[in-house]
1. Test THR152 against the criterion of being under 18 Å from ASN61 (Cβ atoms) and of a type in the set (Ser, Thr, Tyr), and give yes or no.
2. Can you find, within segment 134-185, the residue that is surrounded by the fewest Cβ atoms within 10 Å (Cβ to Cβ) among those that are of a type in the set (Val, Ile, Thr) and within 16 Å of TRP109 (Cα to Cα)?
3. Residues GLN54, GLN73, GLN60, GLN4: which one is farther than 18 Å from HIS183 by Cβ, at pLDDT 95 or above and in contact with a helix residue (DSSP H, G or I) (Cβ under 7 Å, 6 or more places away or on another chain)?
4. How many residues does segment 47-81 contain that are surrounded by fewer than 14 Cβ atoms within 10 Å (Cβ to Cβ) and closer than 12 Å to SER35 by Cα?
5. All but one of (1) closer than 23 Å to LYS87 by Cα; (2) out of contact with any His (no Cβ under 7 Å at 6 or more places or on another chain) hold for LEU192; state the number of the condition that does not hold.
6. Could you tell me whether any residue of segment 95-112 is of a type in the set (D, E, K, R) and out of contact with any Ser or Thr (no Cβ under 6 Å at 6 or more places or on another chain)?
7. Kindly indicate whether LEU192 is aliphatic (A, V, I, L, M), in contact with a Ser or Thr (Cβ under 8 Å, 6 or more places away or on another chain), within 16 Å of PHE99 (Cβ to Cβ) and in contact (Cβ under 8 Å) with a residue 12 or more places away in the chain.
8. Taking helices (runs of 4 or more DSSP H) that do not extend beyond segment 103-188, which have at least 1 residues that are within 23 Å of SER25 (Cβ to Cβ), among the aliphatic types (A, V, I, L, M) and at pLDDT 95 or above?
Amino acid sequence: MTKQFSSASERNRDPILVVLQEELSDCTRVLEIGSGTGQHAVFFAAHLPHLIWQTSDLAQNHPSINAWMQEAQLPNVLSPLVLDMEKPEWPTELFDAVFTANTCHIMAWHQVEAMFVGAAQRLKSGGKMCVYGPFNYNGQFTSQGNAQFDATLRAQTPHMGIRDSEAIISLAKEQGLELHADHVMPANNRLLVWQRV
């Protein structure tokens with residue numbers, strides 16, 4: 001079946017929306033990196049009609065994104081771009097914000113680096129980068145559940161795993177992104193927001 005469903009996306013969408021309503025109130029164009037099933041895109045676009053939501057992902061995920069878009073029939077969600085952090089070809093236009101959820105612990109570290117380099121270049125001055133997911137603090141897991149999740153990820157593929165927030169913040173700073181907010185989210189997740197200086 002083309003249209004895929006993620007129960008995690010369904011669970012986390014409402015808390016993320018609350019933060020995005022605040023953080024993206026002055027934004028117009030948003031690039032979502034790793035749109036996945038497409039659920040987040042149509043949900044956020046429906047509740048944030050002032051935003052033009054540009055989806056993107058690996059080509060194999062486009063059928064599901066398109067299926068969700070076709071069902072929702074929203075004028076402010078754009079067809080997905082192919083965006084692969086192994087060989088990223090970034091869109092030429094600039095964005096007011098970049099949003100990504102649950103990607104940093106799935107990508108290899110060099111792919112996370114590529115994401116921050118490219119995203120910073122596509123952000124307008126003052127633009128925001130919003131990254132949702134689990135993070136470690138001071139080199140420690142924030143819960144036993146996160147520790148178990150990390151072990152599961154690494155057993156599946158060694159390059160995956162929960163990232164240290166300090167490493168992510170340092171990487172962002174190298175690209176001219178200053179930490180703006182660190183929102184505590186349900187289920188031991190965070191939503192980190194940077195602003196391009």
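The values are calculated or read from the model by the stated rules, or taken from the named source; none is laboratory data. Owing to the predicted nature of the structure, the values given are computational and were not obtained by experimental measurement. Every residue, glycine among them, receives a Cβ derived from its backbone with ideal geometry; neighbour counts consider all protein chains shown.
1. Numbers: under 18 Å from ASN61 (Cβ atoms): no; of a type in the set (Ser, Thr, Tyr): yes.
So THR152 does not fit the description; no.
2. Keep residues of segment 134-185 that are of a type in the set (Val, Ile, Thr), which gives 142, 152, 157, 162, 168-169, 184.
The next check asks that each one be within 16 Å of TRP109 (Cα to Cα); those that pass are 157, 162, 168-169.
Working: THR157: 10, ILE162: 21, ILE168: 20, ILE169: 17.
Per the criteria, the residue is THR157.
3. Numbers: GLN54 fails: in contact with a helix residue (DSSP H, G or I) (Cβ under 7 Å, 6 or more places away or on another chain); GLN73 fails: in contact with a helix residue (DSSP H, G or I) (Cβ under 7 Å, 6 or more places away or on another chain); GLN60 fails: in contact with a helix residue (DSSP H, G or I) (Cβ under 7 Å, 6 or more places away or on another chain).
The conditions single out GLN4.
4. 3
5. Condition (1) is where LEU192 drops out.
6. To start, the set of residues in segment 95-112 that are of a type in the set (D, E, K, R) comprises 96.
The next check asks that each one be out of contact with any Ser or Thr (no Cβ under 6 Å at 6 or more places or on another chain); those that pass are none.
No: segment 95-112 contains no residue that is of a type in the set (D, E, K, R) and out of contact with any Ser or Thr (no Cβ under 6 Å at 6 or more places or on another chain).
7. Working: aliphatic (A, V, I, L, M): yes; in contact with a Ser or Thr (Cβ under 8 Å, 6 or more places away or on another chain): yes; within 16 Å of PHE99 (Cβ to Cβ): yes; in contact (Cβ under 8 Å) with a residue 12 or more places away in the chain: yes.
The answer is yes for LEU192.
8. Values: elements: 109-122, 144-156, 165-174.
Because the criterion is at least 1 residues that are within 23 Å of SER25 (Cβ to Cβ), among the aliphatic types (A, V, I, L, M) and at pLDDT 95 or above, the helices (runs of 4 or more DSSP H) in segment 103-188 that meet it are 109-122, 165-174.
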